[in-house]
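What follows is a short report on a single structure.
Read-outs: derived from the displayed coordinates by stated rules, not from any lab. Because the structure is predicted, anything quoted here is derived from the model rather than measured. Positions of Cβ are backbone-derived with ideal geometry, glycine not excepted, and every protein chain shown enters the neighbour counts.
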Amino acid sequence: MSMLGLKIDVDTYWGMKNGVPSLLQTLKEFNIKGTFFLSIGPDNSGRAVLQLIKNPLFVKKMMRTNAPSLYGWKTALYGTLLRAPMIALSFPQIVNDIIAAGHEVQFHAWDHRRWQDELPHKSEKWIREWFDKGIAGFEKMTGKKPTAFGAPSWLIDDRVLAIIKNYKFDYLSCTRSKTPFIHEIANTLDIPSDLPCFEEIDAQKGVLIISDLLKDGKTHVLPVHAEVEGGIFQNQFRELLKKALSMNIEVVPLKAIKDKLDIKTLSVRKYKMELLPGRHSPCAV
Ligand SMILES: [Zn+2]
């Protein structure tokens, strides 16, 4: 039986508060489990305004996805005019609900926005503190250390991989590669998101495009965002799940894919950065 892994990223306060409960309801109805990658610390989404000035591709993406309606206007002000609220740390009950429902919970970010916009300019000390604060917050809420990390916006560099080594994660999900591999510097498995997400493709044809890619009978990972599939694209997401299940595909958390992998057969290599269709900045592949 082929598998479809659900990599569900929670990037914002809005997504944690509204998107996660909506997704939990959907997954419950379909009786399936996924992996939630949580942003723990401040929601500095409003700082994205700075990207409008710097990156024309970002403007294009914001217009295509109608970002203000996607995240609400308040989100657009967090970290600028409004104080940045904590994301997962503000909702311990929702974190408990995810765990109680039997889903896998892992670490996505301390400050998602700053990583995604400023990582190349930050020091190694900043990166270390970012992990330390995020993992401490994660542990406070779940009682455990995370065993996996998914980098915000699939953005990593060599320094990040060297630092990651210290945390001894069982696996990473930091790339958009087509198949799993071992990261050279971190010597750690990567289970990539190989499928496109709804925000990257034509919204009307999204279900068709993604379900077509599932037809090869191989294992795939779908990147899901609490803000998107738990918000305006919830109906399309349900339709896609229905399609996958009707194709006899087993929908699983990423750890289930990890358990089935034969690590010895995977290639050990360095990631590359690549600008994928529908994205405004390069991703690791
Ligand atoms: Zn994210």
Karplus (6.51, -1.76, 1.60) ³J(HN,Hα), θ = phi - 60°, over the stretch 32-39, in Hz, Gly and Pro reported as x:
10, 10, x, 10, 9, 9, 9, 8
Which percent, nearest 5, of DSSP beta bridges in the chain are antiparallel?
20
Once the dipole of the chain is set up from charges on Cβ (+1 Lys and Arg, -1 Asp and Glu), the residue from the list Gly19, Gly102, Gln236 lying farthest towards its positive end is Gly19
The set of residues whose placed amide H lies less than 5 Å from the amide H of Gly34, leaving out same-chain residues fewer than 5 positions away, is Glu104
Under 5 Å between amide H atoms, partner at least 5 residues away or on a different chain: which partners does Gly5 have, H built in plane at 1.01 Å?
His220, Val221, Leu222, Val252
Over the Cα atoms of the chain, what is the Rg over Rh ratio if Rh follows Kirkwood?
0.93
For labels at Trp126 and Thr265 in the simple 7 Å Cα→Cβ model, what's the distance in nm?
4.2
So what is the relative contact order of the chain, in percent, for Cα pairs below 8 Å that sit 6 or more residues apart?
29
For the stretch 204-285, what is the Kirkwood estimate of the hydrodynamic radius, computed as the reciprocal of the mean inverse distance between distinct Cα atoms, to one decimal in Å?
15.1
Taking a point 7 angstrom from the Cα of Gln25 along the C-beta vector, which residues in the stretch 216-258 have backbone N less than 11 Å away?
231
Under the Kirkwood approximation for Rh and a Cα-based Rg, what ratio Rg/Rh is obtained for the stretch 149-283?
0.97
